[in-house]
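Reading through the structure tokens given below for one structure.
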Amino acid sequence: MNRVTEILGIKYPIVQGPMSWMTDATLVAAISEAGGLGILGPNAGLQRAPKTTEELIASMRAEIHKVKALTSKPFGLPTILSTDLSIIGAVVDLIIEEGVPVALINYLEGIDFEGHMARLKAAGVKTIFRALTPTVENAQHSERLGADILVATGFDEGGTVPERVIGTFSIVPQIADAVSIPVLAAGGVADVRGVRAALALGAEGVFAGTVFLPTLECRMAESVKQRLVDSTAQDLLLFRTLPAYYRSLPTKLAHELVAMDARGESREKLAEAQKGGYGMRLGMLDEGRADEGYISVGNGISYIKSIRSVKEVIEDLMQDFV
């Protein structure tokens, strides 16, 4: 047992990133049952994005109930489920009302988390803070706010890539040295070597997303799972967008975005062409429509060799803790 497992009440120090459309109760419960911490993403279990705050909260409440029906182990929920930041309070209400054990707080500059933190702490909810672009300053601010655990995200990650081009194994020791609370390494960790390296550099666990995509329990399209297994980081395309960068396996849309970037198009235009989260749904969830969207993965795909169960993935990454 280390500080991460003790704080979160889990067996192994591995936390699953909330990969939006790619998560649902089945994946999250499987990760928690296998000893990690599963986290429901913003569009967990859905086929279309909710149109109202009420619809969003209702859909997440239903998915929380499904997780509880599948496992009694701890799991988590992000406090930001939409680009509309006004709904954070409603999500905090949901976490407290449903007794979700862990809240993932996406640290954003200028957002006052103090009131929300006070409520979460009073309810006994553990908090994991994750900045889009980690810095010593926002890490120390998160600690002062009362964060239980920090995530240090490097440029190797999938999803919304940090603004600064600093690799995972450069940012992890910098953040770990700056705070006294435990740190999770995020970005490019997809086998036990990455876990061992993260721990050697001061992390006390890992925050992983891509490695859970090509699993039996993940709802991602089967053809995309196989493409991920058959690819390496050498195949990935990188392009500017809002708020910073994204990377994708090659698709028609991804090539168009790279071409727009090369022409010097604005980040706003690229973000519009990217289709936001809808582009991810098309590229990764809808079987046969990958070329209409993008396939967001991290550099860790190089180490993923087969489609496995969640249990096999966790036992592989956490073999030093077994």
Heavy atoms only, probe 1.4 angstrom, no DNA, RNA or ligands counted: give me Ser306, Ser231 ranked by accessible area, highest first.
Ser306, Ser231
If each Cα of segment 39-88 is one equal point scatterer, what is log10 of I(q)/I(0) from the Debye formula at q = 0.13, 0.15, 0.22, 0.28 Å⁻¹?
-0.30, -0.39, -0.80, -1.18
Sorted on mean Cβ neighbours within 10 Å (highest first), peptides 270-278, 15-23 come out as 15-23, 270-278
Counting all C-alpha pairs of segment 110-169, share separated by more than 19 Å (%)
35
Given Cα pairs under 8 Å that are at least 6 residues apart, what percent is the relative contact order of segment 76-116?
50
Residue-span extension gain [Glu163 to Glu312] - 0.36 nm each, minus C-alpha spacing
50.3 nm
How big is segment 203-322 by Rg and Dmax over its Cα atoms, in Å?
15.3, 51
For q values of 0.18, 0.24, 0.27, 0.28 Å⁻¹, compute log₁₀ I(q)/I(0) with the Debye formula on a Cα-only model of segment 168-236, without solvent.
-0.73, -0.98, -1.12, -1.17
Taking only C-alpha pairs under 8 Å that are 6+ residues apart, what is the relative contact order of the chain in percent?
17
Under a plain spin-label model, where a point goes 7 Å from the Cα along Cα-to-Cβ, how far apart in nm are Lys305 and Glu287?
2.8
Given R₀ = 41 Å, what would the calculated FRET efficiency be for Arg219 paired with Met1, taking r from the Cβ atoms and rounding to 0.05?
0.80
Whole-Å distance linking the alpha carbon centroid of segment 85-118 with that of segment 161-215 is 24
Per-residue accessible area for Asp291 at 1.4 Å probe radius, Å² rounded to 10?
90
Mind listing P(r) for the chain? All alpha-carbon pairs, 10 Å bins, whole percents.
6, 28, 38, 24, 3, 0
Where a ≥ b ≥ c are root eigenvalues of the Cα gyration tensor, a/c under 1.5 meaning rounded, otherwise prolate if a/b exceeds b/c and oblate otherwise, segment 118-263 counts as prolate
Please report, in Å, the Rg and the Dmax of segment 1-151, where both are computed over Cα atoms only.
14.4, 42
Out of the total accessible area of segment 134-290 (probe 1.4 Å, heavy atoms of protein only), what percent is carbon and sulfur?
50
For a protection proxy built on the mean count of beta-carbon atoms within 10 angstrom, sort 47-55, 179-187 highest first, please.
179-187, 47-55
Can you give the relative contact order of segment 65-143 as a percent, counting alpha carbon pairs under 8 Å and 6+ residues apart?
28
Computed FRET efficiency, Cβ-Cβ of Ala244 and His141, R0 22 Å: what is it to the nearest 0.05?
0.65
Using the beta-carbon distance between Thr53 and Glu114 and R0 = 22 Å, what value does 1/(1 + (r/R0)^6) give for FRET efficiency, to the nearest 0.05?
0.50
Not counting ligands, DNA or RNA, and with a 1.4 Å probe, what is Arg219's accessible surface area in Å² rounded to the nearest 10?
50
Tell me which lysines have Cα within less than 19 Å of Lys269's Cα, excluding those fewer than 8 residues away on the same chain?
Lys252
Hey, rough spin-label estimate for Asp230 and Ala259, points 7 angstrom out along Cα→Cβ, what's it come to in nanometres?
2.3
Among bridges DSSP assigns within the chain, what percent are antiparallel (round to 5)?
20
Highest average packing first - 160-169, 30-39, 123-132, Cβ atoms within 10 Å
30-39, 123-132, 160-169
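The values are calculated or read from the model by the stated rules, or taken from the named source; none is laboratory data. From a predicted model like this one, the values you see are computed outputs, not experimental measurements. Here Cβ is always computed from backbone atoms with ideal geometry, including for glycine, and neighbour counts include all displayed protein chains. Each accessible area value is taken on the protein alone, full model and side chains, heavy atoms only, with ligands, DNA and RNA left out. Shrake-Rupley method; radii C 1.70, N 1.55, O 1.52, S 1.80 Å.
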